[in-house]
Amino acid sequence: MRIEEMNKDLKRAYQTMVDTVEDLVVNQGENLQQAMNTAEEKLKEWKELSKEEVEVINSEFKYDFKKTGR
């Protein structure tokens, strides 16, 4: 599932993951893997998301990050 196909809650969760990773890496000096793990754990706390949805968002984030060539 591509981000374009996600519903509003999933898009908001994806953006939260992006924002969290950015903050942790840029502002707090965490390495990328730690930041991704922390962001995923935060999403797992959302009552609006199932475990499967968190996995989709995490996978999509990693795919998009790799696609940018980083």
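The values are calculated or read from the model by the stated rules, or taken from the named source; none is laboratory data. The structure presented is a predicted model; accordingly, all values stated were derived computationally and were not measured. Note that each Cβ is placed from the backbone with ideal geometry, even for glycine, and that neighbours are counted across all protein chains shown. Surface areas here come from the heavy atoms of the whole protein model, side chains and all, with no ligands, DNA or RNA. Shrake-Rupley method; radii C 1.70, N 1.55, O 1.52, S 1.80 Å.
Modelled spin labels at Thr16 and Lys44, positioned 7 Å past Cα toward Cβ, are 1.5 nm from each other.
On the protein heavy atoms, probe 1.4 angstrom, tell me the percent of accessible surface of the chain carried by carbon and sulfur. Answer for the chain is 47 percent, counting heavy atoms of protein chains only.
Below 19 Å, Cα to Cα, which aspartates and glutamates can Lys11 reach? Residues fewer than 8 away in the same chain don't count. Qualifying aspartates and glutamates at Cα under 19 Å: Asp19, Glu22, Asp23, Glu40, Glu41, Glu45, Glu48, Glu52, Glu53, Glu55, Glu60, Asp64.
Extension gain, Val25-Asn37: 0.36 nm per intervening residue step, less the Cα-Cα distance, totals 3.1 nm. Solvent-accessible surface of the chain, averaged per residue with a 1.4 angstrom probe and all protein chains in place: 70 square angstrom.
Extension gain for the segment Phe65 to Lys51, taken as residue separation times 0.36 nm less the Cα-Cα distance, is 2.9 nm to one decimal.
This structure gives Rg/Rh (Cα atoms, Kirkwood Rh), computed directly, and of [x] 1.26; [y] 1.11; [z] 0.95 that value is listed as [z].
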